[in-house]
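Coordinate-derived values only; no laboratory data. Keep in mind that what you see is a predicted model, and the values were worked out from it rather than measured. Glycine also receives a Cβ, built like all others from the backbone with ideal geometry; neighbour counts cover every protein chain displayed.
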Amino acid sequence: DALMGRHADELKNIITNYQPNGTPLDTAMHTLRKNLNGVINAAKSSYSNGPIEGINRKIKELKRACYGFSNQANMFTRVYQLIV
C-alpha cells in the first residue's frame, strides 16, 4: 500500500524497520535497504520506465524472429514501423 499509494515516508519506515525472519523476503528487503535512495525516489516520482522496456522487448522479439537483416537500414525501418 505504501508503494502503490506513493507514501515515501511510510515505505522508508517499513524498509528500515524490517526484522529478518529467515524467509526469502529477507533477501529482497536487504536489496531494497541497500538501494533505499532509489526506491524512495521511485515511490515519489510519477515516471515509469515501463514504456521504454516495452519498446526494447518488441525490438528484441523482432531481431529473434527475423534471424538478422540484410542491412541496418532495413532493421531501422522495421523498428520504426513497429513502434509507431
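Rounded to the nearest 20, the size of the Cβ-charge dipole of the chain about its Cα centre is 420 debye, with Lys and Arg at +1 and Asp and Glu at -1.
For the chain, with the dipole built from +1 on Lys and Arg beta-carbon atoms and -1 on Asp and Glu ones, taken about the Cα centre, which of L36, T77, T16 lies farthest toward the positive end? Comparing the listed Cα positions along the dipole, T77 ranks first.
For A2, the shell of other residues with beta-carbons less than 15 Å away shows a net charge of +1, using +1 for Lys and Arg and -1 for Asp and Glu. Counting only alpha carbon atoms, the long axis of helix 25-34 and the longest principal axis of the chain meet at about 80°. A simple count of charges around V84, restricted to other residues whose Cβ falls under 12 Å of its Cβ and scoring Lys, Arg +1 and Asp, Glu -1, yields +2.
Only DSSP H runs of four or more residues enter the estimate; each adds -39500 (n - 2.57), and after division by the residues of the chain the mean residue ellipticity at 222 nm equals -21000 deg cm²/dmol.
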